[in-house]
Amino acid sequence: MDNEMPPQPAAEGCGHNETRRNFLKQSSLLTALALAPGPILKAAEAELDETVAAAFEKVPLKLDVNGKKYKLSVEPRTTLLDLLREQLHLTGTKKGCDYGQCGACTVHVDGKRVNSCLTLAVMQDGKKVTTIEGLADGDKLHPMQEAFLKHDGFQCGYCTPGQIMSAVACIREGHADSEGEIKEYMSGNICRCGAYPNIVAAIQEVKSGGQKV
Amino acid sequence: MKEQLLQDGKAVGDRLSRVDGRLKVTGAAKYSAEYELPGLVHGVLVGSTVAKGRITSIDTKAAERAPGVLAVITHLNSPKVPGFAAKSNPDEPPTIGQPLRVFYDEKIYFNDQPIALVVADTLERARYAARLVKTQYAAEQHRTNFEANKSRAFLPTQAKRNPKSAQNDYTRGQADGYQNAPVKLEAEYVHESEMHNPMELQSIIAHWEAPDRLTVYDKVQAVKGTQRAFAKDWGLPEDHVKVIATFVGGAFGNGLHNWPHETAAIIGAKVTNRPVKVVLTREQMFTMVGYRPKTWQRIQMGATKDGKLVGISHESVGQTSTYEEFTESTVQQTRMMYAAPNVSTRYRILGLDISTPIWMRGPGEATGAFALESAIDEMAHLIGMDPLEFRLRNHTDTDPEKNKPWSTKYLKECFQAGADRIGWNKRQLKPGALREGDWLVGYGMGVGTFGANRGSAKARAALLADGSVVLQSATTDIGPGTGTAMVQIASDALGLPTDKIRFELGNSLFPQAPSQGGSSTVNTVGSAVNDACLALKKKLQELGGTSFANVQPEQLTLTGGQLGLKANGGPRMSFADLRKANNGQDIEVTIESKPDGSTRQNYSMYSFSVHFAEVKVHTMTGEVRVTKMVSCADAGTIVNQKTAGSQMIGGAIGGIGMALTEGAVMDDRFGRYVTKDLADYHVPVHADAPPVEVFFVNKPDTLVDPLGTKGIGEIAIIGVAPAITNAIFNATGKRIRELPITPDKVLLA
């Protein structure tokens, strides 16, 4: 995607507005620290921990999430999932395992489904992320959301955002031509309530309805 | 359209889509970890790495120094929880013993027991710092091996103390009378521990809003029970503790107990004076929040050659921890399902150095039905009889345990409907007779039952200025669609369209309701909602004055923003005028609804189910595919065909997991599970789920409650596992009595 995104004000309440230059400056500080004699480091340990951490822990990141542009600075170890949930407060994307085993955290990155718990936020610089909150067209639900309602494709609702994001991608990928194919390509999304047959029915209806997903 | 529906028929029985469905499909439904609170910080738990012993040292310096860390709490510095000391010998049903007192002392009772909580300003920093806590132990020899310790099993204390406890040994007729039968069998059945593994990780946000005011956003099945527990822990009046569980991302029973991580978060919030969020990891879901306990069972059964049961003896040993006595009704179905004159049951528990189990969907009964319904199938095979016919010959029209009539029992209708739908006539008496290429095909069935329980609950109903009605009760919804069912019940009781009714739950400020468990929510809370609506209508009638005085309440309607009559013409009074008559206040009532004790004394009340499975077993690989299931339920009135059907489907798929894939594997050398995530512990996925056809008898049982409901959640899974194992036998001739039936077991059998 476009790395030359025009400068934008940071989205409201979305962290610091740090630049790459700033980061480099801090990196130099770290280099200097690394070369400093041991005792100096030790003496200043308590304060330095925070300084060093602050330098290490913030990397600038531009993201488009559900059409909204964010300029953020995040720790490199922050997953896309935790960024969405804990910092952007987009809690529709769910955490079910943190290992890419359950699919509850499925989002679209540049149109492709991704387990957001398995991808670091900083790897998505300049990319376009769509979460369940961005699927509907304003008040008008996406056909897949409508189909899930109609076919009762959920019970507790926790895996549902991931199932729906995966289901949309499943059709877009051309992997929804038969019940068997849908089941295979949806098997990365676990539903412990066991709504599977209803989910498959919902996907089949959307697929056969021919609406654009 | 809804107005039309009301005139044509009732909302109960309709296929109304979930009233909270839109929130769930748009990601707007808020689960317990998803509340934004100012100053919220994150807690990460450190678990023990030995299964038994003492902590000899715990070094938290590095963790405390790590960036962003606000506190590292261990038994060495934790504030004392006032209630812990008082609980030195508690006797609180349903479990006896001491719920683990987190950070109380240096003792270790199980591997991955929480021993420290690291609180930091971000999740990443808390997670990192948690890895810096260094602990040393004086480890003691642990006992985690079930088989090696089975002889230590004992009668639960509650049974010893109370001769009337259902956990005591039971005999009717002659003890072990099966021995006198011409055809006898004896078989042992085992299943490994199963983890609930709801998709939502167990989560809590604990917030001390004042030094004596606690609010928790918590993944629980009982907001009132949790309120009581934490109030007691902290020596607070109950109304100083608020519990919010508006949405619960599945639970299947593991929200029926309060767990150490909840108290850890509350301690963390106390120490840091900030709201603390603790979200368990998936690994911790295996060790800290209960499980269906590993259970050994033996069935001894005797029958005549023409298919009459002479006797059944059923013995069971279930696992528990060393600090709590967890019990469940494993042998109950054996006592009441069949007309056997001689029945003996014996239930024991075995304390191991593993955390405490908790009821998991179809608790006890699902375990017991696996043994009983497998043995029934084995006996039918021994005498050369169709297992459906064998069950019919031992059908009983009264409860042989309590010698009381059933309130209702339509199990035979379920048999017929299920047999027709699965194509039971294709089943061959001789195993291994049906083949499709490399696949052997078989059919099996299993029966389930669960008590049709009803408790007491309160509900509030209020008519608002906009003409809508809001109902409140402190129940929860872990997935069945409680709010949807309540709105339908209220719609009929009020004569008001469903879209004008809102039901609110999951908040301890609401009127008392029990936990969502034991398939009793609609029976209990539905009855309260019904009664509250009738009381509201009565109040409106009173406010309506003389023109409504002689009208039967069921003739009243609330459509069109006014109180009126079903029949055309007659008096009308607008809600605005009714409010005026009520001094301009919201018109509201709060009522308590209780079951009729004497009716419950006179009848035996159960829901019944039967599950039919068609399986294919690969001759070369041993792979088992369930290709079709039919689940039939006698569950009384079905309030919502759509959501109830989903519950049945979900139970059937859960049962496939129990039968074929789910089992925790313990490494006894370390007393630690090998299976600790969803890649090792296999719950069914899309590819495992066959079409599931659901049939409801849908006949009301008004002895259970005025709505005629009996409960669905448990019977949806009870009997599923034996239906599948019996089908595998029918396909292959191999009788496998250890769950889960993985391909290796099929090949080696």
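The values are calculated or read from the model by the stated rules, or taken from the named source; none is laboratory data. Just so it is clear, the model here is predicted, and its values are computed rather than measured. As a convention, Cβ positions derive from the backbone with ideal geometry for all residues, glycine included, and neighbour counts pool all protein chains shown. These accessible areas exclude ligands, DNA and RNA; they are computed on the full protein's heavy atoms, side chains included. Shrake-Rupley method; radii C 1.70, N 1.55, O 1.52, S 1.80 Å.
Do we find a residue being assigned to a helix (DSSP H, G or I), more than 9 Å from chain B (Cβ to nearest Cβ) and under 20 Å from residue B:201 (Cβ atoms) anywhere in segment A:94-117?
Checked against the condition, which is being assigned to a helix (DSSP H, G or I), more than 9 Å from chain B (Cβ to nearest Cβ) and under 20 Å from residue B:201 (Cβ atoms), segment A:94-117 yields at least one hit.
Before we move on, is residue A:122 of a type in the set (A, V, I, L, M, F, W, C), over 15 Å from residue B:21 (Cα atoms) and open to solvent by less than 40 Å² (accessible area, probe 1.4 Å)? It is false that residue A:122 is of a type in the set (A, V, I, L, M, F, W, C), over 15 Å from residue B:21 (Cα atoms) and open to solvent by less than 40 Å² (accessible area, probe 1.4 Å).
Residue-level analysis places residue B:546 among those that are of a type outside the set (A, V, I, L, M, F, W, C), free of Cβ contacts under 8 Å to residues at least 12 places away in the same chain and assigned to a helix (DSSP H, G or I).
Applying the set (1) farther than 30 Å from residue B:428 by Cα; (2) under 22 Å from the mean Cα position of the chain (by Cα) to residue B:720 leaves exactly one unmet item: (1).
Scanning segment B:425-462 for residues that are open to solvent by 30 Å² or more (accessible area, probe 1.4 Å), within 30 Å of residue B:330 (Cα to Cα) and hydrophobic (A, V, I, L, M, F, W, C) yields a single hit, B:429. Residue B:364 satisfies every condition listed in (1) at positive phi; (2) open to solvent by 20 Å² or more (accessible area, probe 1.4 Å) except (2). The number of residues in segment B:315-345 being closer than 21 Å to residue B:360 by Cα and assigned to a strand (DSSP E or B) comes to 9. Of all residues in segment B:217-256, those satisfying the criterion of being closer than 22 Å to residue B:293 by Cβ and within 14 Å of chain A (Cβ to nearest Cβ) are B:219, B:220, B:221, B:250, B:251, B:252, B:253, B:254, B:255.
Beta carbons closer than 9 Å, at least 6 apart along the sequence or on distinct chains, pair a first residue in segment B:591-619 that is under 21 Å from residue B:402 (Cβ atoms) and free of Cβ contacts under 8 Å to residues at least 12 places away in the same chain with a second that is of a type in the set (D, E, K, R) and open to solvent by 40 Å² or more (accessible area, probe 1.4 Å) for B:601/B:404. Scanning segment B:14-31 for any residue that is within 33 Å of the chain's Cα centre (by Cα), at pLDDT below 95, more than 14 Å from every other protein chain (Cβ to nearest Cβ) and part of a loop (DSSP other than H, G, I, E, B) turns up nothing. Residues that are more than 14 Å from chain A (Cβ to nearest Cβ), β-branched (Val, Ile, Thr) and not in a loop (DSSP other than H, G, I, E, B): does segment B:141-152 have at least one? The answer is no; no qualifying residue exists. Considering only residues that are within 21 Å of the chain's Cα centre (by Cα) and within 26 Å of residue B:68 (Cα to Cα), which ones fall in segment B:247-282? Across segment B:247-282, the qualifying residues are B:260, B:261, B:262, B:280, B:282.
Considering segment B:673-732, the residues that are surrounded by fewer than 24 Cβ atoms within 10 Å (Cβ to Cβ) and on the phi > 0 side of the Ramachandran plot include one that is farthest from the other protein chains (Cβ to nearest Cβ), namely B:708. If you go through segment B:259-268 one residue at a time, do you hit one that is under 23 Å from residue A:101 (Cα atoms), in contact (Cβ under 8 Å) with a residue 12 or more places away in the chain and among the aromatic types (Phe, Trp, Tyr)? No: segment B:259-268 contains no residue that is under 23 Å from residue A:101 (Cα atoms), in contact (Cβ under 8 Å) with a residue 12 or more places away in the chain and among the aromatic types (Phe, Trp, Tyr).
What do you reckon, is residue B:375 under 31 Å from the mean Cα position of the chain (by Cα) and open to solvent by less than 60 Å² (accessible area, probe 1.4 Å)? It is true that residue B:375 is under 31 Å from the mean Cα position of the chain (by Cα) and open to solvent by less than 60 Å² (accessible area, probe 1.4 Å).
Residues that are in contact (Cβ under 8 Å) with a residue 60 or more places away in the chain and crowded, with 23+ Cβ neighbours inside 10 Å number at least 1 in the following strands (runs of 3 or more DSSP E) confined to segment B:34-83: B:41-47, B:69-73.
When segment B:555-582 is filtered for residues that are touching a residue at least 60 places away in the same chain (Cβ under 8 Å) and surrounded by 15 or more Cβ atoms within 10 Å (Cβ to Cβ), the ones remaining, listed by number, are B:556, B:557, B:558, B:559, B:566, B:575, B:578, B:579.
Would you point out which residue out of A:212, A:140, A:112, A:183 is among the charged types (D, E, K, R) and buried (at least 20 other Cβ atoms within 10 Å of the Cβ)?
Being among the charged types (D, E, K, R) and buried (at least 20 other Cβ atoms within 10 Å of the Cβ) holds for just one of A:212, A:140, A:112, A:183, which is A:183.
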